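The values are calculated or read from the model by the stated rules, or taken from the named source; none is laboratory data. Bear in mind the structure is a predicted one, so any value in this text is a computation, not a measurement. So basically every Cβ, Gly included, is an ideal-geometry build from the backbone, and we count neighbours across all protein chains shown. For the accessible areas, the whole protein counts, side chains as well, though only heavy atoms, and no ligand, DNA or RNA atoms are used. Shrake-Rupley method; radii C 1.70, N 1.55, O 1.52, S 1.80 Å.
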2 protein chains.
Amino acid sequence: PYQQTTYDFFIPSKTRVDLTEKMWASVQTMDGLPQLENYHSLFSLDINTRKNVTTFGFPSWLYKAKSRKNGKYYALRRIAGYRLSNERALHAVKDWKKIKNANIVTVHEAFTVRQFHDSSLIFAYDYHPLAKTLHQQHFPAQPPTTAARGPRAAPKNIDEPILWGYICQIANALKDIHSSNLAARCIDLTKIIITSQNRIRLSACSVLDVLQFEDQRPLQELQQEDLLSFGKVILALATNNPNIQPGNAKAAMEGLGTRYTVPFKNAVTWLCTPAAIAEDWTIKCFLSGISGHLAKALDNSFSAYDEQTSILAQELENGRAARLMMKLAVINDRPVRGLPSPNWSEAHERNLLKLFRDYVFHQVDAEGRPVLDIGHMLSCMNKLDAGTDERVLLTSLDNETVIVCTYKEVKQMLNRSFNELMRCSSSRDGNPE
Amino acid sequence: PYQQTTYDFFIPSKTRVDLTEKMWASVQTMDGLPQLENYHSLFSLDINTRKNVTTFGFPSWLYKAKSRKNGKYYALRRIAGYRLSNERALHAVKDWKKIKNANIVTVHEAFTVRQFHDSSLIFAYDYHPLAKTLHQQHFPAQPPTTAARGPRAAPKNIDEPILWGYICQIANALKDIHSSNLAARCIDLTKIIITSQNRIRLSACSVLDVLQFEDQRPLQELQQEDLLSFGKVILALATNNPNIQPGNAKAAMEGLGTRYTVPFKNAVTWLCTPAAIAEDWTIKCFLSGISGHLAKALDNSFSAYDEQTSILAQELENGRAARLMMKLAVINDRPVRGLPSPNWSEAHERNLLKLFRDYVFHQVDAEGRPVLDIGHMLSCMNKLDAGTDERVLLTSLDNETVIVCTYKEVKQMLNRSFNELMRCSSSRDGNPE
Ligand SMILES: Nc1ncnc2c1ncn2[C@@H]1O[C@H](COP(=O)(O)OP(=O)(O)OP(=O)(O)O)[C@@H](O)[C@H]1O
Ligand SMILES: Nc1ncnc2c1ncn2[C@@H]1O[C@H](COP(=O)(O)OP(=O)(O)OP(=O)(O)O)[C@@H](O)[C@H]1O
Ligand SMILES: [Mg+2]
Ligand SMILES: [Mg+2]
């Protein structure tokens, strides 16, 4: 896993594109939105413009915003037109703040604002750039022309391993939630988000606990509702039908047919069917029934981690090369102002470093054509970083000077020169070592 | 997670040190060892020099080696002095090759060699740099002086969550092994290796299947032995006693006392106690009993993945900066030989790029002292990469030339110049884009 060829250096991979897009999504800005007390630079994350009130009973909006306190990004969910009648309702968020689970979007705080020219309630969550809801991912809006032309496109079945992955993750989230004496109340295709390849998170925890603070229902009832909603979500995905209702669930279950295995159908049926004895119908029981799949999910996650680690190991080489190139760039051809001594730049060592620079970056072939060989540049940087005993032949342009020295010596000169510059510089904390 | 401050750029973290050390460990070389047919550059991985024959009945040695076929590193386990009497015994490795599990060191092949001046059997495994055995990690050899001075140092108890992590991982490995109709036969403190923080792998699969090919025992018996060995390993770690025998296991179990929870003690006891009904004593049953801990392990693994991803996102900035610096270095101050035109270097665009280079790397403060501000260099590289509309004021040394241009324009000039060089270069595949 720690072996690198030249061409690995610039990973042209999905990973790089993905991370870069996320980085750009994070820094996007937008005009016309208000500033809130602790948050600024609001950016709307809503993709569909329909104001859906079914989930919370109120229209909700989502914004990315930057915190004034720590400079980090957050996702703010605004419940529009909600008037908080009891400040204690906000305490419900306190229990949620404690829950740190890899399949739950962490809740940070809730507060009321008037900056939207109404009374709005805001919930602050971790921000996950480029997140999509399960609904967006698996039931993408049909282009209007197709929709007009006829029935829905032929259903694309989601592979069972992916659904087991979702099942294990929702179960993991519910385990922590239920054992903290809470209920999720947001297991819904539009409230579960995909934050990276096949990784999902519950995105709207605590909202209903605050909104319905005045009419609290028994915890057990709410937790059992979570199991039912869980079953409905999986059933919807497996049957390519986003509108599972109590009325059509049974038919949908039968419609699973032979595309899915018996254990899978059993798991979905179990979730959708309240048990006679309440103790037998809990997330704990469910977990023990899917333990083999939990082990598989663990195995997959370990492998993904290993893969990420080996990419990281390659990228670290970039860091080393970047550091050295900065040092060289700072020293080479530096104008005379502010140098340790007026002839510093022209002194023997700097001249040598310049010849080394030419050797690395200004190579020409026998016919005098430029050689732009990344592999050569990188391998030089790696040898320089390691300070090897390998010798390098440095020749001046006019062939007057020919010097042989080791990478080790070049490294020493580079560090010495850089440190000399550091000593007479105004910022002493910048040594990239 | 995708937010970066200047000082994040050069991650001074455990991760970096760890990965770098592993990289160096991978490339270490050693003299005096033979070359095998498909492997060269053997390097001994044995740390203790005692020749322990208890595990396999033969002394075994471990080497890192490089494959001639694909240039990758492998760990070769040599069983010294073993004479293969039946070629068919090597077929046992075929089933093992198919098993890909994140908690099992992948087996690649087995073959006999005579290059060690004896008849040796070699097993090739994935190489995991700087792996330690559980024994080395948790029962480090006492320095001789301390050992002479008195009893073993006071036992350091391993925290229960770490042990649950080990339990989930060994269970995950055994699940795949047993369901493939195999048995691990190497669940032992010295044959389980730690390959990164709390991550373990079975390191000696398939060896006994080959060595004891002639006297095969019933599969069920071997799988049940795996469960017992599993229990013994965990018991040894929990009681800080590497020598658990059938005779002292019961006492050790009682010795777990109050340091560990009841579910933990139950799990260990279950493993160490053969059940009356064979169907009740399988790894599948065990998994379903620890499902809550599997979910926790999954959660931890997801979090580790997320952490690694955010480090990777930071490191990608290095890659971008390195690419741009290479381009700049290739162009700036390039001698005249082999250029698109004799005055190419001095033309307007190159002059501008040179001024830009000075702006980035040769800054001085009001008193003319060098400013070595990595943050400045990096932020310039990031803006250049993005091609922003932000303006930059470029001044020549003599203040004769003052030019204002955007990063976007600088980026265009850089790419144009680089591509011109590319066109007249001998290597056309090197564009670091
Ligand atoms: N924590 C978050 N970080 C980043 N993006 C998020 C986060 N939570 C949700 N999103 C994204 O914001 C968008 C809006 O989310 P929302 O929950 O409003 O979904 P919706 O499809 O609009 O549902 P509804 O119709 O109920 O409003 C979705 O694309 C979703 O993926
Ligand atoms: N696949 C592997 N890749 C890298 N290192 C490994 C691998 N397998 C084992 N090692 C390391 O090689 C060393 C020797 O392994 P070995 O299995 O011989 O352990 P040991 O302590 O010497 O046990 P024994 O006394 O039975 O030989 C250990 O430090 C171990 O961590
Ligand atoms: Mg919405
Ligand atoms: Mg050994």
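A:VAL330 meets the conditions (1) touching a residue at least 40 places away in the same chain (Cβ under 8 Å); (2) touching a strand residue (DSSP E or B) at 6+ places or on another chain (Cβ under 9 Å); (3) surrounded by fewer than 20 Cβ atoms within 10 Å (Cβ to Cβ); (4) farther than 24 Å from B:ALA313 by Cα in every case but one. The failed one is (3).
Can you tell which of B:LYS22, B:LYS66 is within 30 Å of A:GLU315 (Cα to Cα) and not in a helix (DSSP H, G or I)? When all the criteria are applied, what remains is B:LYS66.
Within region B:337-355, the set of residues being more than 9 Å from chain A (Cβ to nearest Cβ) and under 24 Å from B:ALA386 (Cα atoms) comprises B:HIS348, B:GLU349, B:ARG350, B:ASN351, B:LEU352, B:LEU353, B:LEU355.
Residues that are in contact with a strand residue (DSSP E or B) (Cβ under 8 Å, 6 or more places away or on another chain), crowded, with 20+ Cβ neighbours inside 10 Å and at pLDDT 95 or above occur in region B:131-151; there is at least one. Restricting the first member to region A:173-196 and to residues that are over 24 Å from A:VAL53 (Cβ atoms), and the second to residues that are open to solvent by less than 10 Å² (accessible area, probe 1.4 Å) and within 16 Å of ligand 3 (Cβ to nearest atom), the beta-carbon pairs closer than 6 Å and six or more apart or on different chains are A:ALA173/A:LEU202.
At pLDDT below 95, farther than 18 Å from B:PRO274 by Cβ and more than 16 Å from ligand 4 (Cβ to nearest atom), is that true of B:GLN169? Working first, answer last.
Details: at pLDDT below 95: no; farther than 18 Å from B:PRO274 by Cβ: yes; more than 16 Å from ligand 4 (Cβ to nearest atom): yes.
No.
Per this entry, A:GLN115 is not counted among residues that are open to solvent by less than 70 Å² (accessible area, probe 1.4 Å) and out of contact with any strand residue (DSSP E or B) (no Cβ under 8 Å at 6 or more places or on another chain). Taking helices (runs of 4 or more DSSP H) as the structural unit, those lying wholly within region A:180-268 and holding at least 3 residues that are closer than 27 Å to A:SER291 by Cβ correspond to A:219-239, A:246-255. Only one of the listed residues (A:ASN431, A:ASN419, A:ASN399) is closer than 30 Å to B:ALA25 by Cα, open to solvent by 40 Å² or more (accessible area, probe 1.4 Å), at pLDDT 80 or above and out of contact with any strand residue (DSSP E or B) (no Cβ under 9 Å at 6 or more places or on another chain). That residue is A:ASN419. Considering only residues in region A:381-396 that are more than 11 Å from every other protein chain (Cβ to nearest Cβ) and part of a helix (DSSP H, G or I), the one that is modelled with the lowest pLDDT turns out to be A:LYS383.
The condition of being within 15 Å of ligand 1 (Cβ to nearest atom) and crowded, with 18+ Cβ neighbours inside 10 Å holds for only one of A:ILE177, A:ILE192, that being A:ILE192.
Figure legend. Inter-residue proximity from region B:99-115: first residues on the phi < 0 side of the Ramachandran plot and within 14 Å of chain A (Cβ to nearest Cβ), second residues open to solvent by 50 Å² or more (accessible area, probe 1.4 Å) and part of a loop (DSSP other than H, G, I, E, B), beta-carbon distance below 9 Å, spacing 6+ or different chains. Indicated pairs: B:ILE99/B:SER180; B:THR106/B:LYS100.
Applying a threshold of 7 Å to beta carbon distances and a minimum spacing of six or more residues, or different chains, the list of pairs starting in region B:72-95 at a residue that is under 18 Å from B:ASP215 (Cα atoms) and ending at one that is of a type in the set (D, E, K, R) reads B:ASN86/B:GLU214; B:ALA92/B:ASP209; B:VAL93/B:GLU109. Is one or more of the residues making up region A:384-393 under 28 Å from B:ASN419 (Cβ atoms) and either free of Cβ contacts under 8 Å to residues at least 40 places away in the same chain or crowded, with 19+ Cβ neighbours inside 10 Å (or both)? Yes, because at least one residue in region A:384-393 is under 28 Å from B:ASN419 (Cβ atoms) and either free of Cβ contacts under 8 Å to residues at least 40 places away in the same chain or crowded, with 19+ Cβ neighbours inside 10 Å (or both).
Considering only residues of region B:75-99 that are within 22 Å of the chain's Cα centre (by Cα) and surrounded by fewer than 21 Cβ atoms within 10 Å (Cβ to Cβ), which is farthest from ligand 1 (Cβ to nearest atom)? Lay out the reasoning, then the answer.
Initial filter on region B:75-99 (within 22 Å of the chain's Cα centre (by Cα)): B:75-77, B:96-99.
The next check asks that each one be surrounded by fewer than 21 Cβ atoms within 10 Å (Cβ to Cβ); those that pass are B:97-99.
Numbers: B:LYS97: 42, B:LYS98: 39, B:ILE99: 38 Å.
In this case the residue turns out to be B:LYS97.
Can you name the residue in region A:43-78 that is aliphatic (A, V, I, L, M) and touching a Lys or Arg at 6+ places or on another chain (Cβ under 7 Å) and is also nearest to ligand 2 (Cβ to nearest atom) among such residues? By that ranking, first place goes to A:ALA75.
Mind counting the residues in region A:25-61 that are open to solvent by less than 40 Å² (accessible area, probe 1.4 Å), assigned to a strand (DSSP E or B) and within 16 Å of ligand 3 (Cβ to nearest atom)?
Residues of region A:25-61 that are open to solvent by less than 40 Å² (accessible area, probe 1.4 Å), as a first pass: A:25-26, A:34, A:36, A:39, A:42-44, A:55-56, A:59-60.
Next cut, assigned to a strand (DSSP E or B) only: A:39, A:42-44, A:60.
Of the ones still in play, those that are also within 16 Å of ligand 3 (Cβ to nearest atom) are A:42-44, A:60.
Residues that pass the stated criteria total 4.
Screening the candidates A:ALA65, A:ALA102 for the property of being under 30 Å from A:ALA297 (Cα atoms), hydrophobic (A, V, I, L, M, F, W, C) and within 26 Å of the chain's Cα centre (by Cα) yields one hit, A:ALA102.
Among the residues of region A:301-336, which ones are facing chain B (nearest Cβ under 8 Å), of a type outside the set (Phe, Trp, Tyr) and under 18 Å from the mean Cα position of the chain (by Cα)? Full working, then the answer.
Just the residues of region A:301-336 that are facing chain B (nearest Cβ under 8 Å), to begin with: A:301-306, A:308-309, A:311-313, A:315-316, A:318-319, A:321-323, A:325-326, A:328-330, A:332-335.
Subset that is of a type outside the set (Phe, Trp, Tyr): A:301, A:303-304, A:306, A:308-309, A:311-313, A:315-316, A:318-319, A:321-323, A:325-326, A:328-330, A:332-335.
Within region A:301-336, A:SER301, A:SER303, A:ALA304, A:ASP306, A:GLN308, A:THR309, A:ILE311, A:LEU312, A:GLU315 meet the criteria.
Does region A:285-293 contain any residue that is over 22 Å from A:ARG199 (Cα atoms), more than 8 Å from chain B (Cβ to nearest Cβ) and touching a residue at least 24 places away in the same chain (Cβ under 8 Å)? No, the conditions are met nowhere in region A:285-293. The numbered conditions (1) outside any loop (DSSP other than H, G, I, E, B); (2) buried (at least 18 other Cβ atoms within 10 Å of the Cβ); (3) modelled with pLDDT of 95 or more are all true for A:HIS128 except (1). Looking across region A:346-393, the residues that are under 19 Å from A:MET326 (Cα atoms) and more than 42 Å from the chain's Cα centre (by Cα) come down to A:GLU349, A:ARG350, A:ASN351, A:LEU352, A:LEU355. Within region A:348-368, the presence of a residue that is open to solvent by 60 Å² or more (accessible area, probe 1.4 Å), under 24 Å from B:VAL364 (Cα atoms) and part of a loop (DSSP other than H, G, I, E, B) is excluded.
Residue check: B:ASP226 meets all listed conditions (1) more than 30 Å from the chain's Cα centre (by Cα); (2) crowded, with 20+ Cβ neighbours inside 10 Å but one, namely (1).
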